[in-house]
1. Can you confirm whether His175 is without any contact (Cβ under 8 Å) to a residue 24 or more places away in the chain, open to solvent by 10 Å² or more (accessible area, probe 1.4 Å) and more than 26 Å from Arg60 (Cβ to Cβ)?
2. Against the condition among the polar types (S, T, N, Q) and either within 19 Å of Ala79 (Cβ to Cβ) or surrounded by 20 or more Cβ atoms within 10 Å (Cβ to Cβ) (or both), how does Gln193 come out, does it pass?
3. In the range 124-134, what count of residues is obtained for those that are assigned to a loop (DSSP other than H, G, I, E, B), of a type in the set (Asp, Glu) and under 14 Å from the mean Cα position of the chain (by Cα)?
4. Under 6 Å by Cβ, and 6 or more places apart or on different chains, what pairs join a residue from the range 102-126 that is open to solvent by 20 Å² or more (accessible area, probe 1.4 Å) with one that is modelled with pLDDT under 95?
5. Does Ala188 satisfy the criteria of being crowded, with 20+ Cβ neighbours inside 10 Å, small (Gly, Ala, Ser) and not in a strand (DSSP E or B)?
6. Can you tell me which of Arg112, Arg121 is basic (Lys, Arg) and either farther than 15 Å from Val81 by Cβ or in a helix (DSSP H, G or I) (or both)?
7. Return the only residue of Ile83, Ile88 being crowded, with 24+ Cβ neighbours inside 10 Å, out of contact with any strand residue (DSSP E or B) (no Cβ under 7 Å at 6 or more places or on another chain) and at pLDDT 95 or above.
8. Considering each of Gly159, Gly201 in turn, give the residue that is of a type outside the set (D, E, K, R) and modelled with pLDDT under 95.
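The values are calculated or read from the model by the stated rules, or taken from the named source; none is laboratory data. All figures in this text were calculated on a predicted structure; none of them were measured in a lab. With ideal geometry, Cβ positions are generated from the backbone for all residues, glycine too; neighbour counts draw on all protein chains shown. Surface areas here come from the heavy atoms of the whole protein model, side chains and all, with no ligands, DNA or RNA. Shrake-Rupley method; radii C 1.70, N 1.55, O 1.52, S 1.80 Å.
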Amino acid sequence: MGAIPDTLAQRACDLAAPVAGAVESRSLASDPVAVAARGAGSEPSRPVDARLARDERFMRIALDEARAAERFDEVPIGAVVVIGERVIAAAHNLTRTHTDPTNHAELLALSRAARTLGVARLVDAEVFTTVEPCFMCAGALLHARVKRVVWAVRDPKFGGCVSLGHVLSDERANHRAEIHEGVCADQARELLQSFFRKKRGSPEGS
(Lines give C-alpha, C1' and ligand atoms only; values in the text may rest on other atoms or scores of the structure.)
Protein backbone atom coordinates (compact mmCIF):
# COMPACT_ATOMS: atom_id res chain seq x y z
CA MET A 1 0.00 0.00 0.00
CA GLY A 2 1.30 3.48 -0.87
CA ALA A 3 1.87 6.34 1.51
CA ILE A 4 -1.16 7.90 3.10
CA PRO A 5 -2.14 11.02 1.09
CA ASP A 6 -1.94 14.49 2.57
CA THR A 7 -5.09 16.01 4.03
CA LEU A 8 -7.28 18.07 1.76
CA ALA A 9 -6.24 21.18 3.64
CA GLN A 10 -2.60 20.48 2.86
CA ARG A 11 -3.41 19.79 -0.78
CA ALA A 12 -5.36 23.04 -0.94
CA CYS A 13 -2.33 24.99 0.24
CA ASP A 14 -0.24 23.41 -2.53
CA LEU A 15 -2.72 23.57 -5.40
CA ALA A 16 -5.03 26.54 -4.91
CA ALA A 17 -4.26 30.19 -5.43
CA PRO A 18 -4.64 32.48 -2.41
CA VAL A 19 -7.71 34.64 -2.07
CA ALA A 20 -7.35 38.40 -2.18
CA GLY A 21 -7.16 40.22 1.15
CA ALA A 22 -10.12 40.36 3.45
CA VAL A 23 -12.77 42.97 2.83
CA GLU A 24 -14.55 45.07 5.40
CA SER A 25 -17.32 43.48 7.43
CA ARG A 26 -20.91 44.42 6.74
CA SER A 27 -23.49 45.12 9.41
CA LEU A 28 -24.59 42.16 11.49
CA ALA A 29 -28.15 43.35 10.96
CA SER A 30 -28.08 41.67 7.52
CA ASP A 31 -27.24 38.30 9.08
CA PRO A 32 -30.06 36.90 11.25
CA VAL A 33 -27.94 34.05 12.56
CA ALA A 34 -25.21 36.40 13.68
CA VAL A 35 -27.78 38.69 15.27
CA ALA A 36 -29.18 35.76 17.26
CA ALA A 37 -25.69 34.80 18.35
CA ARG A 38 -25.03 38.35 19.50
CA GLY A 39 -27.92 38.33 21.95
CA ALA A 40 -30.08 41.23 23.06
CA GLY A 41 -28.37 44.24 24.57
CA SER A 42 -24.82 42.95 24.12
CA GLU A 43 -21.99 43.77 21.76
CA PRO A 44 -21.18 41.22 19.03
CA SER A 45 -18.31 38.96 19.93
CA ARG A 46 -15.10 39.08 17.94
CA PRO A 47 -15.42 35.46 16.73
CA VAL A 48 -18.86 36.23 15.25
CA ASP A 49 -17.51 39.38 13.58
CA ALA A 50 -14.53 37.50 12.16
CA ARG A 51 -16.64 34.65 10.80
CA LEU A 52 -19.15 37.02 9.24
CA ALA A 53 -16.38 39.00 7.56
CA ARG A 54 -14.85 35.77 6.26
CA ASP A 55 -18.21 34.49 4.98
CA GLU A 56 -18.86 37.78 3.21
CA ARG A 57 -15.42 37.73 1.62
CA PHE A 58 -16.03 34.36 0.00
CA MET A 59 -19.66 35.14 -0.83
CA ARG A 60 -18.49 38.17 -2.78
CA ILE A 61 -16.47 35.83 -4.97
CA ALA A 62 -19.62 33.77 -5.53
CA LEU A 63 -21.46 36.98 -6.41
CA ASP A 64 -18.80 37.77 -9.01
CA GLU A 65 -19.46 34.35 -10.51
CA ALA A 66 -23.19 35.09 -10.50
CA ARG A 67 -22.56 38.32 -12.42
CA ALA A 68 -20.52 36.34 -14.93
CA ALA A 69 -23.47 33.98 -15.37
CA GLU A 70 -25.73 36.90 -16.17
CA ARG A 71 -23.37 38.02 -18.91
CA PHE A 72 -23.95 34.61 -20.53
CA ASP A 73 -27.73 35.07 -20.17
CA GLU A 74 -27.73 32.45 -17.41
CA VAL A 75 -29.68 32.72 -14.17
CA PRO A 76 -27.18 34.64 -12.00
CA ILE A 77 -26.07 32.04 -9.47
CA GLY A 78 -22.45 31.51 -8.47
CA ALA A 79 -20.64 29.16 -6.12
CA VAL A 80 -17.16 28.69 -4.68
CA VAL A 81 -15.50 25.78 -2.87
CA VAL A 82 -13.18 26.83 -0.06
CA ILE A 83 -10.76 24.95 2.16
CA GLY A 84 -9.25 27.01 4.94
CA GLU A 85 -8.57 30.40 3.41
CA ARG A 86 -8.15 29.18 -0.15
CA VAL A 87 -10.62 29.07 -3.02
CA ILE A 88 -10.27 25.65 -4.64
CA ALA A 89 -12.85 26.18 -7.41
CA ALA A 90 -15.45 28.68 -8.54
CA ALA A 91 -18.27 28.35 -11.05
CA HIS A 92 -21.57 29.79 -12.22
CA ASN A 93 -24.69 28.44 -13.87
CA LEU A 94 -24.15 27.18 -17.43
CA THR A 95 -27.37 25.28 -18.07
CA ARG A 96 -28.33 27.34 -21.13
CA THR A 97 -24.81 27.64 -22.49
CA HIS A 98 -24.24 23.88 -22.39
CA THR A 99 -27.89 22.86 -22.87
CA ASP A 100 -27.53 20.77 -19.74
CA PRO A 101 -29.97 20.98 -16.82
CA THR A 102 -27.32 19.62 -14.43
CA ASN A 103 -24.86 22.47 -15.02
CA HIS A 104 -25.72 24.30 -11.82
CA ALA A 105 -23.07 26.46 -10.18
CA GLU A 106 -22.68 24.19 -7.16
CA LEU A 107 -22.25 21.01 -9.21
CA LEU A 108 -19.69 22.62 -11.51
CA ALA A 109 -17.73 24.03 -8.57
CA LEU A 110 -17.74 20.65 -6.80
CA SER A 111 -16.54 18.85 -9.94
CA ARG A 112 -13.72 21.33 -10.48
CA ALA A 113 -12.64 21.14 -6.84
CA ALA A 114 -12.63 17.34 -6.90
CA ARG A 115 -10.52 17.28 -10.06
CA THR A 116 -8.13 19.88 -8.68
CA LEU A 117 -7.55 17.94 -5.46
CA GLY A 118 -7.77 14.48 -7.00
CA VAL A 119 -10.39 13.26 -4.54
CA ALA A 120 -14.13 12.58 -4.67
CA ARG A 121 -14.87 13.57 -1.08
CA LEU A 122 -14.22 17.15 -0.03
CA VAL A 123 -14.42 16.56 3.71
CA ASP A 124 -12.66 19.81 4.69
CA ALA A 125 -14.55 22.00 2.25
CA GLU A 126 -17.05 24.81 2.65
CA VAL A 127 -19.30 25.82 -0.24
CA PHE A 128 -20.55 29.37 -0.67
CA THR A 129 -23.42 29.83 -3.10
CA THR A 130 -25.59 32.82 -3.86
CA VAL A 131 -28.86 30.85 -3.75
CA GLU A 132 -30.04 27.97 -1.55
CA PRO A 133 -29.04 24.72 -3.30
CA CYS A 134 -31.75 22.70 -5.02
CA PHE A 135 -32.35 19.02 -4.20
CA MET A 136 -29.94 17.92 -6.93
CA CYS A 137 -27.12 20.14 -5.69
CA ALA A 138 -27.83 19.41 -2.03
CA GLY A 139 -27.55 15.71 -2.77
CA ALA A 140 -24.21 16.25 -4.49
CA LEU A 141 -22.97 18.29 -1.53
CA LEU A 142 -23.80 15.36 0.75
CA HIS A 143 -22.05 12.88 -1.54
CA ALA A 144 -18.98 15.14 -1.53
CA ARG A 145 -19.08 15.18 2.30
CA VAL A 146 -18.58 18.95 2.49
CA LYS A 147 -18.55 20.21 6.05
CA ARG A 148 -20.38 23.54 5.65
CA VAL A 149 -22.71 25.21 3.13
CA VAL A 150 -23.41 28.96 3.14
CA TRP A 151 -25.94 30.68 0.90
CA ALA A 152 -27.25 34.20 0.44
CA VAL A 153 -30.98 33.85 -0.31
CA ARG A 154 -33.53 31.06 -0.12
CA ASP A 155 -35.16 29.51 -3.16
CA PRO A 156 -38.83 29.04 -2.25
CA LYS A 157 -39.57 27.12 -5.47
CA PHE A 158 -36.64 24.67 -5.62
CA GLY A 159 -34.59 24.98 -2.44
CA GLY A 160 -33.75 21.59 -0.97
CA CYS A 161 -32.01 22.71 2.23
CA VAL A 162 -34.70 24.62 4.16
CA SER A 163 -37.40 25.83 1.76
CA LEU A 164 -38.85 22.56 0.42
CA GLY A 165 -36.71 20.02 2.26
CA HIS A 166 -33.81 19.54 4.64
CA VAL A 167 -31.40 17.40 2.66
CA LEU A 168 -28.25 18.75 4.32
CA SER A 169 -29.54 18.38 7.88
CA ASP A 170 -31.77 15.30 7.73
CA GLU A 171 -30.78 13.00 10.59
CA ARG A 172 -31.60 9.94 8.47
CA ALA A 173 -28.76 10.69 6.06
CA ASN A 174 -25.28 9.26 6.56
CA HIS A 175 -23.75 12.74 6.42
CA ARG A 176 -24.91 16.18 7.48
CA ALA A 177 -23.44 19.57 6.72
CA GLU A 178 -23.48 22.72 8.79
CA ILE A 179 -25.65 25.33 7.08
CA HIS A 180 -25.73 29.12 7.28
CA GLU A 181 -27.84 31.58 5.31
CA GLY A 182 -28.36 35.29 4.73
CA VAL A 183 -24.79 36.29 3.85
CA CYS A 184 -24.80 39.15 1.30
CA ALA A 185 -28.51 38.48 0.78
CA ASP A 186 -29.36 41.95 -0.54
CA GLN A 187 -26.82 41.77 -3.35
CA ALA A 188 -27.83 38.26 -4.39
CA ARG A 189 -31.52 39.13 -4.31
CA GLU A 190 -31.02 42.24 -6.43
CA LEU A 191 -29.07 40.27 -9.03
CA LEU A 192 -31.89 37.77 -9.37
CA GLN A 193 -34.67 40.34 -9.37
CA SER A 194 -32.90 42.49 -11.95
CA PHE A 195 -32.30 39.48 -14.19
CA PHE A 196 -35.95 38.40 -14.17
CA ARG A 197 -37.22 41.96 -14.56
CA LYS A 198 -35.21 42.18 -17.76
CA LYS A 199 -36.55 38.82 -18.90
CA ARG A 200 -40.15 39.86 -18.33
CA GLY A 201 -39.54 43.07 -20.23
CA SER A 202 -37.84 41.47 -23.23
CA PRO A 203 -39.87 40.82 -26.43
CA GLU A 204 -38.99 37.12 -26.39
CA GLY A 205 -39.29 36.72 -22.62
CA SER A 206 -36.51 34.15 -22.70
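1. So His175 fails the test.
2. Against the criterion (among the polar types (S, T, N, Q) and either within 19 Å of Ala79 (Cβ to Cβ) or surrounded by 20 or more Cβ atoms within 10 Å (Cβ to Cβ) (or both)), Gln193 does not qualify.
3. 1
4. Note: pairs meeting the criteria are Thr116/Leu15; Asp124/Leu8; Asp124/Ala9.
5. For Ala188, the condition - crowded, with 20+ Cβ neighbours inside 10 Å, small (Gly, Ala, Ser) and not in a strand (DSSP E or B) - is met.
6. After ruling out the rest, the residue left standing is Arg112.
7. On the way: Ile88 fails: out of contact with any strand residue (DSSP E or B) (no Cβ under 7 Å at 6 or more places or on another chain).
The unique qualifying residue is Ile83.
8. Details: Gly159 fails: modelled with pLDDT under 95.
Only one candidate qualifies: Gly201.
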